[in-house]
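The values are calculated or read from the model by the stated rules, or taken from the named source; none is laboratory data. Note that this is a predicted model, so its numbers are computed, not measured. As a convention, Cβ positions derive from the backbone with ideal geometry for all residues, glycine included, and neighbour counts pool all protein chains shown. The area values use the complete protein model at the heavy-atom level, side chains included, leaving out ligands, DNA and RNA. Shrake-Rupley method; radii C 1.70, N 1.55, O 1.52, S 1.80 Å.
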Amino acid sequence: MNLTLLNTDETISKLVSLIKNARKQVLLVSPYVTLGREDRIGQAIRAALNNKVSVVLIFRLDDDFQAFVRTYSEYLEELTARGLLIRVLPKLHAKLYWSESEVIISSLNLLSSSFLSSIEVGLWSQESADVALVRQFIGQEIEPHLLSAEDIKKRAATNAGGDTHFTRSVRQTERSRAPVAMQGVCIRCATGIALNPEKPYCWDDFQKWAEYENADYEDRFCHGCGKEFPATMNKPLCRSCYRRMTG
């Protein structure tokens, strides 16, 4: 990996640039989140959403469901209304920030205290191999553990006293979030795209593939799970994903 070492200010600046410069998708993996209306990260997310970039925030949900509800209500509800997609999982400790052209591996949580007073470190790269490797890691190590909307509602019913404002919001946004659960990756660059084995490339890479239209040309990633796999237009899925989809 060809990584640049960053201090706290550099990490925050690179993260803002990563979000603002994205053209297709941003994945923000941070266990803890407080995104104020005026902080630079929140503003960058709003700008990306306004530019029709898909922004997915993955953060931690353990036993303290009330803390999760507070985080959502105070910091995320307004952003989800703008189009931010939220996914959660237990025991998350990794912090990763990814777009189709850059990646940051860092100690930095998306917390106001981290922005203002903590000493953080980051590793940044825009090498395509590094970007693909981190996307593959997210696909293998994080996405399989994401909780479904149904899992969240069950926890809400158990721990938050039934039909709260948050559980109603989950129901209202479940349809818009469903495509994230059915998300695939481009078999050439690993950018997140809709899961459709008949269209396994992002638009940019499809245009490159269409120059030759070789349906047996081997690319790099399984369209379903994102793991390294000699995927082709004819066979975009690894064996386990193919079995799962064909049932």
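Things worth noting here:
- Crossing angle, helix 149-159 versus the chain [Cα axis fit, 0-90 degrees, rounded to tens]: 20
- Here the chain has 49 percent of its accessible surface on carbon and sulfur atoms, given a 1.4 Å probe and all protein chains in place.
- The residues neighbouring E102, those whose beta-carbon lies less than 14 Å from its own, together hold a net charge of +1 under the Lys/Arg +1, Asp/Glu -1 convention.
- The long axis of helix 8-21 is offset from the longest Cα principal axis of the chain by roughly 60 degrees.
- In the context of the full set of protein chains, the chain has a per residue accessible area of 51 Å² (1.4 Å probe).
- Sequence of H223, H145 when ordered by accessible area, the most exposed leading, probe 1.4 angstrom: H145, H223
- Antiparallel bridge percentage (DSSP; both residues within the range 1-98; nearest 5): 25
- Crossing angle, helix 165-181 versus the chain [Cα axis fit, 0-90 degrees, rounded to tens]: 10
- Lysine pairs within the chain, Cα separation less than 21 Å, 8 or more sequence positions apart or different chains: 19
- In this structure, the amide hydrogen of I193, modeled 1.01 Å from its nitrogen in the peptide plane, lies closer than 5 angstrom to those of G184, V185, C186, counting only residues at least 5 positions away or on a different chain.
- Phi to ³J(HN,Hα) by Karplus 6.51 cos²θ - 1.76 cosθ + 1.60 over the range 88-105, Hz, x for Gly, Pro: 9, 7, x, 6, 6, 10, 5, 10, 9, 10, 9, 9, 5, 10, 8, 8, 10, 10
- Per-residue ellipticity at 222 nm computed for the chain from its helices equals -11500 deg cm²/dmol, with DSSP H segments shorter than 4 residues left out and the rest contributing -39,500 (n - 2.57).
- Both radii come from the Cα set of the chain: Rg as radius of gyration, Rh as Kirkwood radius; their ratio Rg/Rh reads 0.97.
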